[in-house]
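What follows is a set of notes on a single structure, which appears directly below.
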Amino acid sequence: MVDTGAESTWINEAVLERVGIEPRKKDMQFQMANGQLITRSVGYAVLNVEKSETVDEVVFAQKGDLQLLGARALEGLNLKVDSRSKKLVAAGPILAATAVPPRFARLIRVPIRIPKLRQNKAKRINSRRRIRLKSK
């Protein structure tokens, strides 16, 4: 099951142990949708979905827990949910920041303007900030 509202990926602990995934973080707390706090172990796994692959933390799901692919794994796999076909599809190009302006666009610099206060107004503001000490 895919749950875009859940951050973590939950996989049955017996399956994770069988494929050699070890718990690396123990007693991690998770808050369920109903507000209940539970404690589970977490490990690291390489996740493969068709041609996509990512490394992610996986929660060792216990009996009664849902097994699901979380939002963080979906992002790492560069997949999204197509709600019409109810399938995972490619999310498209990965967005990245660049220090170089785009090749076919112009870089526009926006000047930062700081309004100047009138002299009288500035004097009034400064006089309010003064602290007067009484001498004995």
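The values are calculated or read from the model by the stated rules, or taken from the named source; none is laboratory data. These figures come from a predicted structure and were not determined experimentally. Note: ideal-geometry Cβ built from the backbone for every residue, glycine included; neighbour counts use all protein chains shown.
Points worth noting:
- Selection of segment 17-38 for residues being loosely packed, with under 10 Cβ neighbours inside 10 Å and either under 21 Å from Glu75 (Cβ atoms) or polar (S, T, N, Q) (or both) yields Gln29, Gln31, Ala33, Asn34, Gln36.
- With respect to the conditions (1) over 14 Å from Asn12 (Cα atoms); (2) within 18 Å of the chain's Cα centre (by Cα), Asn34 lacks only one, and its number is (2).
- Residues satisfying the stated conditions in segment 58-72, i.e. more than 17 Å from Val2 (Cβ to Cβ) and either out of contact with any helix residue (DSSP H, G or I) (no Cβ under 8 Å at 6 or more places or on another chain) or assigned to a strand (DSSP E or B) (or both): Phe60, Lys63, Gly64
- Annotation: of all residues in segment 51-70 being surrounded by fewer than 18 Cβ atoms within 10 Å (Cβ to Cβ) and touching a residue at least 24 places away in the same chain (Cβ under 8 Å), the one that is farthest from Glu13 (Cα to Cα) is Ser52.
- Considering (1) more than 15 Å from Val2 (Cβ to Cβ); (2) at pLDDT 90 or above; (3) not basic (Lys, Arg), the lone condition that Thr54 does not fulfil carries the number (1).
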